[in-house]
Every structure is written in C-alpha cells, then in structure tokens.
Amino acid sequence: MRARRSDECAANAEQSRACAARTGRLFAFAAYAAAFRAEVLKGKRAAPRKIALVAPLPFCAMGMAAAGVFGGGAIGAFATYGWNYWYALMLPVAVALMTASIANIDARQKLRPVLGLPLPPSSAWWAKTAYALVLALAANLVVLTAGVAVNLLGCDAPSAAAGLVAAVLLVVGNAWMVPAGLVLTTRFGTLAGIAIPVALQLGAGIAFWTSSAWFLFPPATALRAVSPFMGVAPSGVPLEAGDPLLSFGWEAMLGLGIAVAIFVALAVFGARWYGRREAK
C-alpha cells in the first residue's frame, strides 16, 4: 500500500513538473508574442517600414529599365542592376538603418517603455530582433516582386523560385548585423549602430569574397551564396557556364551555418545584456 502511494505521489509530482514546464513555455511564448505585437505597432508609421519599402525601389527601377521593360534591354540585366547592386551595396545599409531605427524607438526614452512593462526585457529584445529580420526579408521581397513583374512582361529576370531562395539567403548572410546593431545603437548611439555594422559587412564582403576561406565570413557568404541563383558574380559580372561561382557546394552550406551560429551567439549575448539594462 505504501509503495503504491509512493508511486502515485511520484507520478503526481512528475505531472506537476511537466505542467509547470508547459506553463512556463506558454508564458514565454505569450510574452514574446505580446512584445512582437508591440514592436509592430510602435513601428507602424515609423522609419523601419518605410526603409524596407523605399530602399529597394531605385534598384528595382534600374533593373527593370536595364532588362528592357521600357524598351531595349539585355539578358541578365535585372540580375545585375536589380538584385546584385541591391544586395551588394544597399541591403547592408538598409538593414543597419532599420535596426538602428527599431532600437531608437525605446533607446531615446532610456528604455522606459520596455522596462516598465510586466514582461521580461529579453522578450522585447527577441521581438526587436525578429521584427528587424522580417523587415529585411520584406525588403528583399520588394526586389523579388519587381523581378516577377519583369518576367511577366516578357523580359529576362531570375525566376521567382531563385529570387525567393536568394531573399532568404541574403537575410541569413546579413542577420548578424541585427543584434550587433541593436546593442551598438542602444549603448553608443545611432552613428555607431549604423556605421560599424555597415563598414564590417561591406568591407569584409568585398575583401573576402574572392578568398579561398570566404565561407568563414558571413558578409562574403551573403555575396557568394546567392551567385548560383542570380547567375552574377558579387562584382556584378554575369557568370559564364562552368564558372565555379555557379556551384552551390559545401562551402556555401558551411558558410550559411557559420552565419547562423554567429547570429545566434550575438543574439543570445544581446538578450542577456539587454535583460540587465536598467531604466535611467
């Protein structure tokens, strides 16, 4: 009898722990969802959304013109003037601007709107990180939409599938900029939050994409991993059949894995740092 009661008590205790664990996960998810909705609402009429929509438009227009939508045109022109010029030159700047704008929404008020909520500060951090990544993807989808329009008008552009893959890969290759930008903007100000990530992303991408170890550097991965899908070298030169850049091999897979690992490490560090912040 006592053994049976002991087993029942142990089972009840195990069920209680499992229930507590589920409750904790549900609370964490609810806190994150609430924080994410708050970030979306705060940024409804703010700069980040406008940057995501407007920044790609000049490159879309150049790509459409070069592809012959308005007459003339050349094969592969949209891949160069639309996609390549966008992700090689402007995308890092757009990501940095969006990230700094998201950080400044609360940083300008010494984080009082975040730290005054009945939610863990880390929830706000992860919400800001996710919101910035969503906007980065949305900016790439603007270019993708222009490319689809070019194809529908009978001109040459990368397929919708290739554009979608490129859009996702570009977010992965630029993802490290988001937690870095959030920390730098919150701690040192807008200039540091924009200038340092942009300088590293553009500088490292240009410096290392021709290196044999390019996959160790996410900025170079952002340029190299999309070349097989765009048919264009990171320099903007169209690739010929048989070019090694047309191959999406183990280097690209490893480079993307390293990019994700660096992003996760920076994001986790940032969440812990953000959780220790105090309102001033």
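From the square roots a ≥ b ≥ c of the eigenvalues of the alpha-carbon gyration tensor of region 151-256, which class results: rounded (a/c under 1.5), prolate (a/b over b/c), or oblate?
The shape class here is prolate.
Taking 51 Å as R0, compute the FRET efficiency from the Cβ-Cβ separation of R187 and L152 and round it to 0.05.
Working from the Cβ atoms, E equals 0.65.
How many percent of the accessible area of region 68-213 is carbon or sulfur, using a 1.4 Å probe?
Using a 1.4 Å probe with all protein chains present, region 68-213 comes out at 71 percent carbon and sulfur.
Determine the principal axes of the Cα atoms in region 44-110, then give the extent along each, sorted from largest to smallest and rounded to whole angstroms.
The Cα atoms of region 44-110 stretch 54, 21, 10 Å along the principal axes, largest first.
Amide H neighbours of V232 under 5 Å, at least 5 residues apart or on other chains, H built in the peptide plane: list them.
Here the answer is L239, since their amide H atoms fall under 5 Å of that of V232.
The values are calculated or read from the model by the stated rules, or taken from the named source; none is laboratory data. All of these numbers come straight from a predicted model, not from anything done at the bench. When we count neighbours, we look across all protein chains shown, and the Cβ atoms used for this are built from the backbone with ideal geometry, even at glycine. Side chains included, ligands, DNA and RNA excluded: accessible areas come from the protein's heavy atoms. Shrake-Rupley method; radii C 1.70, N 1.55, O 1.52, S 1.80 Å.
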